[in-house]
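Every number here is computed from the coordinates shown, using simple stated rules; none is lab data. No experiment lies behind these values; they were computed from the predicted model shown. Glycine also receives a Cβ, built like all others from the backbone with ideal geometry; neighbour counts cover every protein chain displayed.
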Amino acid sequence: MINDKVRQMILEKFNSPLKYPQQCEALAMAIHEATGQTLGTTTLKRMLGFVNGPATSRPSSLDIIAQYLGYPDYDILSKALGDDCDISAFRVVENIDSADLEAGEQIQITYHPNRVLVLSYIGDNRYVVNESRGSKLTKGDILTIAGFYVGFELLVSDVERGSRHLGSYQAAKQGGLTSVEIIG
């Protein structure tokens, strides 16, 4: 998500309120007309807070926004705004931390497109995969995960498959996890 000052600048230049996610399509066209660059409507929806997504945007996306606002790149826009362009922020994130679970508890996580994992916690930040739909992880894999955060990528520090350690694994790179819940 972008900060409030940059959001306000976008609204002023666009000269129209953005109350609904569908309006991001018109904004995307305005940005393309002004810059010759393409910024997807889903990216704009995430940046403007209409949908959950990564806490930070890609530098290339931020540069397109800066160009739309009349700056060569986002670094120069940030410097022009000074303290008003702080890209760090506290926010409440739906999450499950492994340290809060007890052995035997099951969780379900989902992410796009239509991916579902059901995991059983076995202790020490480790989970066994009970069900995997659409994921490269398979039933029986042992995963080492510190926590699950809606809107952020799934980061697995180690995957054990049988007697082999496959290394780390990253999922939900586009948009992050869409849900996390304890199911039993």
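Quick rundown of the values:
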| quantity | calculated |
| --- | --- |
| Sorted by Cβ neighbour density within 10 Å, fewest at the top, the residues PHE148, PHE14, PHE50 | PHE14, PHE50, PHE148 |
| Residues GLU153, GLU131, sorted so that the one with the fewest Cβ neighbours within 10 Å comes first | GLU131, GLU153 |
| Where only C-alpha atoms are counted, convex hull volume of region 5-75 per residue in Å³ | 83 |
| Charge-dipole axis of the chain as Lys and Arg at +1 and Asp and Glu at -1 on Cβ define it, positive-most pick from CYS24, SER168, LEU77 | CYS24 |
| P(r), alpha carbons of region 95-182 - 5 Å bins starting at zero, rounded % | 3, 16, 29, 30, 17, 5, 0 |
| Ranked ARG164, ARG7, criterion: other C-beta atoms within 10 Å, fewest first | ARG164, ARG7 |
| Selected from TYR121, TYR20, TYR71 as most flexible by GNM, with the chain as the system and alpha-carbon contacts under 10 Å | TYR20 |
| Separation in nanometres of the label points that stand 7 Å from Cα toward Cβ, at ALA80 and SER157 | 4.3 |
| Percent of C-alpha pairs per 5 Å bin, the chain, short to long | 1, 8, 15, 17, 14, 11, 10, 9, 8, 6, 2, 0 |
| Reach of LYS173 by Cα under 30 Å, taken over lysines that are not fewer than 8 positions away in the same chain | LYS5, LYS19, LYS45, LYS79, LYS136, LYS139 |
